[in-house]
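The values are calculated or read from the model by the stated rules, or taken from the named source; none is laboratory data. Computed from a predicted model, the values in this text were never measured in an experiment. Positions of Cβ are backbone-derived with ideal geometry, glycine not excepted, and every protein chain shown enters the neighbour counts.
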Amino acid sequence: MCRIAGIVNFNWSTEKNQQTVEIMCHLLKHGGPDDGGIFTSQNGALVLGNRRLALVDLSQAGHQPMHYQNRFTITYNGELYNYLELKNQLVLLGHQFSNHTDTEVILAAFAEWNVHAFEKFNGMYAFALYDQTTEMLYVVRDAVGIKPLYYSVKDEQLVFASEVNALKNVDFNWTKNEHWPVFLMAYGHIPEPYTTYQEVSTLHKGSFIKYDLKNRKHTIQSYAFFSFSQELNHGDNLNNLIRNQIENAVQSQLVADAPVGVFLSGGIDSSILALLSDQYKKEGIQSLSIYFNENEYSEKKYQDVVMAKLKGEKHQFLITKDDFEKQLPNVFNSMDLPSCDGINTWFISKYARELGLKAVLSGIGADELFGGYPSFQRMNLARKLSLMPNSMLQLFKKNTKKPFNRISYLSMDGIKGIYLFMRGHYNVHEIATYLEADEREIWNIINDNPMLGDVKQLPSQNQASWMEFNLYMQNQLLKDADVMSMAHGVEIRVPFLDKNLIKSVLNINAKDKYSGDLPKQLLIDSCKDILPEQVWNRKKMGFGFPFSNWMKNNEYLEGLMQDSNKNTKQYYHEFKNGNLHWSQMMSLMIMKTRNEA
């Protein structure tokens with residue numbers, strides 16, 4: 001796992017290109033503290049940079065950028081979980097290897113299969129690969145979009161990096177994206193492909209940029225996507241299928257030459273990962289858990305039940321209001337793109353690093369695939385409400401209760417309106433009032449951006465799965481997990497997002513996939529032999545903190561409010577009176593700190 005950066009610029013000198021990439025890599029050092037390097041093409045127009053977090057082949061042989069056959073060069077961020085399988089195939093085809101990294105496997109695979117190699121990869125990655133013979137550069141992002149990659153093509157010049165923060169000092173005269181506060185207030189994050197700069201975009205998952213240095217032209221192509229089908233049903237022994245796929249994913253993602261642990265919240269998903277991981281490692285798996293003095297938020301009793309079954313080292317960390325207040329400014333400093341969440345991941349990753357762990361397994365993806373969120377039960381209601389006349393839906397926009405005023409979002413066609421009805425933070429009227437903008441303009445910004453696919457033909461619960469997978473998980477959970485963990489030089493691995501497991505789950509008939517008395521019944525039944533009943537037969541809590549209590553009378557927050565405008569102070573008053581969710585207040589705090597910056 002690493003951080004990457006690069007530039008193609010024919011207008012600058014070789015020295016300026018190199019200095020620019022060196023600066024970007026310095027800003028990314030937290031995500032790759034073990035090593036660093038740059039590569040410069042013969043004409044000096046292309047420079048690739050890397051900051052390395054060594055997990056496979058910890059020797060200097062894993063140094064990047066890495067070369068192969070005196071022709072191919074790569075800077076790579078990620079893990080290829082099927083690299084040993086691919087390596088065996090490539091050896092039979094005559095390829096030779098000089099180290100034990102998955103990085104060299106990517107290079108050999110490209111040398112053998114060109115861009116068709118990308119379809120064969122199962123993992124999380126973002127990389128840039130240069131073919132010196134053809135003078136072609138390929139900038140690639142994984143099929144699920146687990147690893148972030150941001151880029152800009154301006155006046156035929158290309159620049160890219162693992163974080164938007166690394167691009168800030170590139171002398172490209174960036175223009176602020178004036179719409180990002182609108183997105184943040186609506187979603188609680190900035191949805192792909194947008195960023196805080198007009199010229200900088202997120203590279204879409206399962207796609208690559210092909211940049212021709214000879215002609216100074218580029219194209220963006222897709223190489224992978226996922227789709228739902230109804231091929232598998234109850235008669236296909238679904239429990240065994242899912243269990244086998246999860247076991248394969250966990251085993252492949254435990255492969256590393258550095259210590260690997262698991263986040264254990266006490267919920268179903270993390271408990272499955274912890275219990276399986278513990279079986280596959282002779283010494284057991286190191287588990288990390290956090291808990292609170294506030295019992296209504298603490299899952300310690302469920303963590304204890306699972307920990308009693310583990311042979312590996314168990315670590316539990318108490319987080320208090322004082323810890324939160326002390327570290328909140330550091331959390332904000334670690335943030336890349338604005339997001340109202342990710343604080344929990346920042347804390348648990350901090351503890352992982354202090355324990356000497358470089359990679360930790362997380363249960364992200366299970367709720368989205370197996371139906372763990374309330375949206376799976378609420379989708380039919382949302383669809384029925386959306387059939388109401390728009391004039392009636394808009395009557396709710398001034399309602400003071402969040403669940404009701406978001407009904408106005410159902411005036412938007414398609415899945416976007418449903419998503420914002422279920423997960424939106426502020427409605428259009430509130431955003432326009434806060435930003436002192438025209439309501440119709442705000443509506444058009446949100447309605448037109450981003451453009452989303454039509455999923456009306458899917459069964460309602462598959463619509464919920466598509467929505468949670470491609471919007472909430474993609475734009476918030478994965479981004480927050482990546483940037484907050486890499487702030488501490490820790491890699492988060494997500495076995496439930498293994499490519500083969502995703503394909504299997506998406507191929508299951510919706511009726512059979514979501515049937516049962518409990519959410520995620522299929523997942524529970526697949527692992528019931530190892531999963532304690534106390535864990536699966538209880539109400540879902542999620543991975544949350546007692547933020548609402550901690551943010552009230554918070555010195556840092558009080559300080560931000562001192563010179564805030566009247567709208568912010570009004571919302572802060574509502575928050576302190578219990579009429580505003582903590583995440584909504586967090587969005588305003590982030591806007592305040594970003595505007596000051």
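Restricting to region 257-276, name every residue that is among the charged types (D, E, K, R) and in a loop (DSSP other than H, G, I, E, B).
Looking only at region 257-276, we keep the residues that are among the charged types (D, E, K, R), and these are 257, 269.
The one that is among the charged types (D, E, K, R) and in a loop (DSSP other than H, G, I, E, B): Asp257.
Within region 163-192, which residues are aliphatic (A, V, I, L, M) and in a helix (DSSP H, G or I)?
Going residue by residue through region 163-192, those that are aliphatic (A, V, I, L, M) are 164, 166-167, 170, 182, 184-186, 190.
The answer is Val164, Ala166, Leu167, Val182, Leu184, Met185, Ala186.
Could you say whether any residue in region 423-431 is free of Cβ contacts under 8 Å to residues at least 12 places away in the same chain and out of contact with any strand residue (DSSP E or B) (no Cβ under 6 Å at 6 or more places or on another chain)?
Looking only at region 423-431, we keep the residues that are free of Cβ contacts under 8 Å to residues at least 12 places away in the same chain, and these are none.
No.
If I ask for residues that are surrounded by fewer than 21 Cβ atoms within 10 Å (Cβ to Cβ) and either among the aliphatic types (A, V, I, L, M) or within 13 Å of Asp367 (Cβ to Cβ) (or both), which ones from region 450-464 would you list?
Hits for region 450-464 are Met451, Leu452, Val455, Leu458, Gln461.
Could you say whether any residue in region 345-364 is part of a loop (DSSP other than H, G, I, E, B), buried (at least 20 other Cβ atoms within 10 Å of the Cβ) and among the β-branched types (Val, Ile, Thr)? Break it down stepwise before answering.
First, pick out the residues of region 345-364 that are part of a loop (DSSP other than H, G, I, E, B): 355-358, 362-364.
Still in the running and buried (at least 20 other Cβ atoms within 10 Å of the Cβ): 357-358, 362-364.
Retained after the next criterion (residues that are among the β-branched types (Val, Ile, Thr)): 364.
Among the residues of region 345-364, at least one is part of a loop (DSSP other than H, G, I, E, B), buried (at least 20 other Cβ atoms within 10 Å of the Cβ) and among the β-branched types (Val, Ile, Thr), which makes the answer yes.
Run Asp57 past the list (1) at positive phi; (2) more than 29 Å from the chain's Cα centre (by Cα) and report the number of the one that doesn't hold.
The number of the failed condition is (2).
Is at least one residue of region 214-236 closer than 30 Å to Cys527 by Cβ, of a type outside the set (Gly, Ala, Ser) and touching an Asp or Glu at 6+ places or on another chain (Cβ under 7 Å)?
As a first pass, look at region 214-236 and keep what is closer than 30 Å to Cys527 by Cβ: 224-236.
Keeping just the survivors that are of a type outside the set (Gly, Ala, Ser) gives 225-226, 228, 230-234, 236.
Now narrow it down to the ones that are touching an Asp or Glu at 6+ places or on another chain (Cβ under 7 Å): 233-234.
There is at least one residue in region 214-236 that is closer than 30 Å to Cys527 by Cβ, of a type outside the set (Gly, Ala, Ser) and touching an Asp or Glu at 6+ places or on another chain (Cβ under 7 Å).
Suppose we filter Arg378, Arg440, Arg406, Arg383 for residues that are in a helix (DSSP H, G or I), in contact with a Ser or Thr (Cβ under 8 Å, 6 or more places away or on another chain) and in the same structural domain as Leu501 (by TED's automatic domain parsing); which single one remains?
Working: Arg378 fails: in contact with a Ser or Thr (Cβ under 8 Å, 6 or more places away or on another chain); Arg440 fails: in contact with a Ser or Thr (Cβ under 8 Å, 6 or more places away or on another chain); Arg406 fails: in contact with a Ser or Thr (Cβ under 8 Å, 6 or more places away or on another chain).
Exactly one of Arg378, Arg440, Arg406, Arg383 is in a helix (DSSP H, G or I), in contact with a Ser or Thr (Cβ under 8 Å, 6 or more places away or on another chain) and in the same structural domain as Leu501 (by TED's automatic domain parsing), namely Arg383.
Across region 390-421, which residue is surrounded by the fewest Cβ atoms within 10 Å (Cβ to Cβ) among those that are among the aliphatic types (A, V, I, L, M) and at pLDDT below 90? Please lay out each step first, then the result.
Filtering region 390-421 for residues among the aliphatic types (A, V, I, L, M) gives 392-393, 395, 407, 410, 412, 415, 418, 420.
Okay, now just the ones that are also at pLDDT below 90, so 392-393, 395.
Numbers: Met392: 12, Leu393: 20, Leu395: 14.
Looking at residues that are among the aliphatic types (A, V, I, L, M) and at pLDDT below 90, I get Met392.
Taking region 1-33, which residues are under 23 Å from the mean Cα position of the chain (by Cα) and assigned to a loop (DSSP other than H, G, I, E, B)?
At the first step, the residues of region 1-33 found to be under 23 Å from the mean Cα position of the chain (by Cα) are 1-6, 24-33.
Across region 1-33, the qualifying residues are Met1, Leu28, Gly32.
Name the residue, out of Leu337, Leu310, Leu369, that is under 17 Å from the mean Cα position of the chain (by Cα) and assigned to a loop (DSSP other than H, G, I, E, B).
Numbers: Leu310 fails: under 17 Å from the mean Cα position of the chain (by Cα); Leu369 fails: assigned to a loop (DSSP other than H, G, I, E, B).
After ruling out the rest, the residue left standing is Leu337.
State which residue is nearest to Leu531 (Cα to Cα) when the search covers only region 293-318 and only residues that are touching a Phe, Trp or Tyr at 6+ places or on another chain (Cβ under 7 Å) and among the hydrophobic types (A, V, I, L, M, F, W, C).
Per the criteria, the residue is Phe317.
Say whether the condition of being out of contact with any Leu (no Cβ under 9 Å at 6 or more places or on another chain) and under 25 Å from Leu478 (Cα atoms) is met by at least one residue in region 124-139.
Checked region 124-139: no residue is out of contact with any Leu (no Cβ under 9 Å at 6 or more places or on another chain) and under 25 Å from Leu478 (Cα atoms).
Tell me which residues, restricted to region 203-243, are outside any loop (DSSP other than H, G, I, E, B), buried (at least 17 other Cβ atoms within 10 Å of the Cβ) and of a type in the set (Lys, Arg).
Arg243
For region 546-563, check the following and say yes or no: at least one residue is crowded, with 17+ Cβ neighbours inside 10 Å, touching a helix residue (DSSP H, G or I) at 6+ places or on another chain (Cβ under 8 Å), touching a residue at least 40 places away in the same chain (Cβ under 8 Å) and closer than 30 Å to Gln251 by Cα.
Taking every residue of region 546-563 in turn, none turns out to be crowded, with 17+ Cβ neighbours inside 10 Å, touching a helix residue (DSSP H, G or I) at 6+ places or on another chain (Cβ under 8 Å), touching a residue at least 40 places away in the same chain (Cβ under 8 Å) and closer than 30 Å to Gln251 by Cα.
Counting just the residues of region 258-294 that are over 20 Å from the mean Cα position of the chain (by Cα) and among the acidic types (Asp, Glu), which one comes out modelled with the lowest pLDDT?
Across region 258-294, the extreme among qualifying residues is Glu294.
Can you list the helices (runs of 4 or more DSSP H) lying wholly within region 56-162 that have 1 or more residues being in the same structural domain as Tyr197 (by TED's automatic domain parsing), closer than 24 Å to Ser252 by Cα and touching a Lys or Arg at 6+ places or on another chain (Cβ under 7 Å)? So that I can check it myself, show each step before the final result.
Working: elements: 83-92, 102-113, 117-120.
Ranges flagged: 83-92, 102-113.
Okay, residues lined up against (1) surrounded by 14 or more Cβ atoms within 10 Å (Cβ to Cβ); (2) closer than 18 Å to Lys592 by Cα; (3) touching a residue at least 60 places away in the same chain (Cβ under 8 Å); (4) not assigned by TED's automatic domain parsing to the domain that holds Trp180:
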{"residue": "Asn295", "(1), (2), (3), (4)": "no, no, no, yes"}
{"residue": "Asp304", "(1), (2), (3), (4)": "yes, no, no, yes"}
{"residue": "Lys326", "(1), (2), (3), (4)": "no, no, no, yes"}
{"residue": "Asn333", "(1), (2), (3), (4)": "no, yes, no, yes"}
{"residue": "Pro338", "(1), (2), (3), (4)": "yes, yes, yes, yes"}
{"residue": "Ile343", "(1), (2), (3), (4)": "yes, yes, yes, yes"}
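Looking only at helices (runs of 4 or more DSSP H) that fall completely inside region 465-531, which ones have 3 or more residues that are touching a residue at least 60 places away in the same chain (Cβ under 8 Å) and either within 17 Å of Gly363 (Cα to Cα) or not assigned by TED's automatic domain parsing to the domain that holds Phe263 (or both)?
On the way: elements: 478-486, 499-506, 510-513, 521-526.
So the answer is 478-486, 499-506, 521-526.
Taking the residues in region 34-45 that are of a type outside the set (A, V, I, L, M, F, W, C) and in a strand (DSSP E or B) as candidates, determine which candidate is modelled with the lowest pLDDT.
Filtering region 34-45 for residues of a type outside the set (A, V, I, L, M, F, W, C) gives 34-37, 40-44.
This time we only want the ones that are in a strand (DSSP E or B), so: 35-37, 40.
Working: Asp35: 88, Gly36: 93, Gly37: 96, Thr40: 98.
The selected residue is Asp35.
Return yes or no: is Asn595 assigned to a helix (DSSP H, G or I) and over 23 Å from Leu435 (Cβ atoms)?
Details: assigned to a helix (DSSP H, G or I): yes; over 23 Å from Leu435 (Cβ atoms): no.
So Asn595 fails the test.
Taking the condition at negative phi, among the basic types (Lys, Arg) and at pLDDT below 95, does Arg538 pass?
Values: at negative phi: yes; among the basic types (Lys, Arg): yes; at pLDDT below 95: yes.
Criteria met by Arg538.
Only one of these is polar (S, T, N, Q) and in contact with a helix residue (DSSP H, G or I) (Cβ under 9 Å, 6 or more places away or on another chain): Ser207, Ser222, Ser270, Ser201. Name it.
On the way: Ser207 fails: in contact with a helix residue (DSSP H, G or I) (Cβ under 9 Å, 6 or more places away or on another chain); Ser222 fails: in contact with a helix residue (DSSP H, G or I) (Cβ under 9 Å, 6 or more places away or on another chain); Ser201 fails: in contact with a helix residue (DSSP H, G or I) (Cβ under 9 Å, 6 or more places away or on another chain).
Exactly one of Ser207, Ser222, Ser270, Ser201 is polar (S, T, N, Q) and in contact with a helix residue (DSSP H, G or I) (Cβ under 9 Å, 6 or more places away or on another chain), namely Ser270.
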